[in-house]
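The values are calculated or read from the model by the stated rules, or taken from the named source; none is laboratory data. Just so it is clear, the model here is predicted, and its values are computed rather than measured. Neighbour counts run over all protein chains shown; Cβ positions are idealised from the backbone, glycine included. Accessible surface is based on the protein model in full, side chains and every heavy atom, while ligands, DNA and RNA are left aside. Shrake-Rupley method; radii C 1.70, N 1.55, O 1.52, S 1.80 Å.
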Amino acid sequence: MTNSVSRGSWGSRIGFILAAAGSAVGLGAIWKFPYIAGANGGGVFLLVYLACVFSVGVVMLLAEMMIGRSAKKSATSAYRALGKGYWHVAGWLSVLGVFLLLGFYCVVGGWTIAYIVQALQGNILTTDATELNNIFTGFIADPGSSLIFTAMFLGITALVVIAGVQSGIERICKILMPALFVLMLVMVVRSLTLPGALEGVMYFITPDWSKLSIKMVLDALGLAVFSLSVGAGLMVAYGSYLSPETKVVSAGLWIAGLATLASVLAGLMILPAVFAFDVDPGAGPGLTFITMPALFAQMAGGQVLALVFFCLLLFAAVTSSISILEPVVAFLIDEYGMDRKVATVSVAVVNYLLLGIPAALSFGGGMESYTIFGKTPFDVMDFMASNVLMPLGGMFAALFVGWRIWPQIKTILAGEVPALIQKIYWLVAAVVSPVLIAIVAIMMIRAS
């Protein structure tokens, strides 16, 4: 039987908002958004992304939060308790999705630790894009370094989760998230003053409708649910720690707003620098690790700023990774009554052995030659988690709220929003969101 000490609870509303937003304000915004936006035409992708966030994304976010708060349990247990029947399968899918997500995410987190070391040594302070690219590609192709830094990052994540909801997750997010936003604003200002930066700004804010495509819509939807951390059971778990007095709708809108702000700031921070230093905006996952060092090389005290930036990027990555690890830990606590420490260590070790190692070796060390439909293990985990399982998990959450437990959800909403908004929410949750995701999935299959 689960005890409240193992489960935990939020100490404050702002702590919950910052922790939930931290899952997006980390690598989801700073690492992933700029390179996906850059590869998909900039401005038009931004518009489609915003549309996905503030329609399907927010509905899914609120759905998961309300499921968790209503049941006071993590995803699988919550679906079983509230929905009966086979609804708990949706919880299992979300656990699988977040487990895959953790596998490749910790690899990228390990890159941030490696770049702290590089910044300390001053090895990355150059404006030579070719040299920076060689440094990055050389590092990720080194199997020994990749495995070590991935393990280090996963270990840091596990330590925070072991500390618990208030003492670990909430405490670190309340300190690090505001600090990260301040530094991002400083970097945006500096990036915008670079020669040629205006071209990057225009690329980011000007829609080029010729870039609109099936793949781009799929990427935008996948990134929207990835950024808001929905579909993986995270918000169900985080919502289960909420007090009954917390206003779910306003908290959810704050989370979506902060996540979107972080993504836009990341775009304004990185894409102008991309054009200023003549780097391909579709350069891929290494974009942050190639362009930002070039930016720091042009600034007074660049080595110190680079060190601070990558330290905060590490902390932002940790706020994301703890939110990824927590649902699996909460699942083991709720389903099997495991102690938090035992559950956390078990998940971390198994994930590293099964997924972390193949993901870390996807860029060198032999695993890059093992592909599925042309995708490396790293790419397969990313695609399955971000573009398949997370949207699917979010769709099930929306259907569950709209068709199975609507009376309970309507009661929650009745105390927070007008009747018209309740009806609109039901329509989007029960009909629009599932249909839209199904259409995108069908288009993806046809396009593949």
**Prompt:** Quick one: ranking PHE136, PHE373, PHE149 by accessible area, 1.4 Å probe, largest first, what do you get?
**Reply:** PHE373, PHE149, PHE136
**Message:** For region 89-131, take every pair of Cα atoms, bin their distances at 5 Å starting from 0, and report each bin as a whole percent.
**Reply:** 5, 19, 14, 15, 12, 10, 9, 7, 6, 4, 0
**Message:** Step by step: find N for region 289-356, compute 2.2 N^0.38 Å, then divide the Cα radius of gyration by it. What's the final number?
**Reply:** 1.64
**Prompt:** Per the helix-only calculation at 222 nm, which mean residue ellipticity applies to the chain, given -39500 (n - 2.57) for every DSSP H run of n ≥ 4 and division by its residues, nearest 500 deg cm²/dmol?
**Reply:** -22500 deg cm²/dmol
**Request:** Please sort 226-239, 194-207, 59-72 by packing, taking for each peptide the average over its residues of neighbouring beta carbons within 10 angstrom, highest first.
**Result:** 226-239, 59-72, 194-207
**Request:** Would you mind telling me the share, in percent, of accessible area of region 132-224 contributed by carbon and sulfur at probe 1.4 angstrom?
**Result:** 72 percent
**Item:** Sequence-distant lysines (8 or more away, or on other chains) whose Cα lies within less than 21 Å of LYS215
**Value:** LYS32, LYS375
**Whole-number accessible area per residue in Å² for the chain, which is evaluated in the context of all protein chains at 1.4 Å** = 37 Å²
**Of the chymotrypsin sites (Phe, Trp or Tyr not before Pro) in region 34-117, those whose Cβ has at most 13 other Cβ within 10 Å and which sit in DSSP loop** = TYR86
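Would you mind calculating the relative contact order of region 42-180 from Cα pairs under 8 angstrom and at least 6 residues apart, reporting the percent as a whole number? Intermediate values should be presented prior to the final figure.
Working: 68 pairs, mean separation 20.9, N = 139.
Relative contact order for region 42-180 comes out at 15 percent.
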**Asked** Where a ≥ b ≥ c are the square roots of the eigenvalues of the C-alpha gyration tensor, would you call region 172-256 rounded, which needs a/c under 1.5, or, failing that, prolate if a/b is larger than b/c, or oblate?
**Response** oblate
**Over the chain: Rg over Rh, Cα atoms, Kirkwood Rh** = 0.95
**Item:** Heavy-atom SASA rank of SER9, SER210, SER74 (probe 1.4 Å, accessible area, largest first)
**Value:** SER210, SER9, SER74
**Message:** Debye calculation, C-alpha points only, no solvent: report log10 I(q)/I(0) for region 338-392 at q = 0.27 Å⁻¹, in the same order as the q values.
**Reply:** -0.98
**Request:** Find how many whole Å separate the alpha carbon centroid of region 179-232 from the alpha carbon centroid of region 308-380.
**Result:** 25 Å
**Prompt:** For LYS423, which lysines qualify as cross-link partners when the Cα separation must be under 20 Å and same-chain residues fewer than eight apart are set aside?
**Reply:** LYS247, LYS410
**Message:** Going Cα to Cα from LYS341, which lysines come in below 19 Å? Please leave out same-chain ones fewer than 8 positions away.
**Reply:** LYS73
**Complete:** Here P(r) for region 324-448, Cα-Cα distances in 10 Å bins, as whole percents, is 11, 25, 27, 25, 10, 1
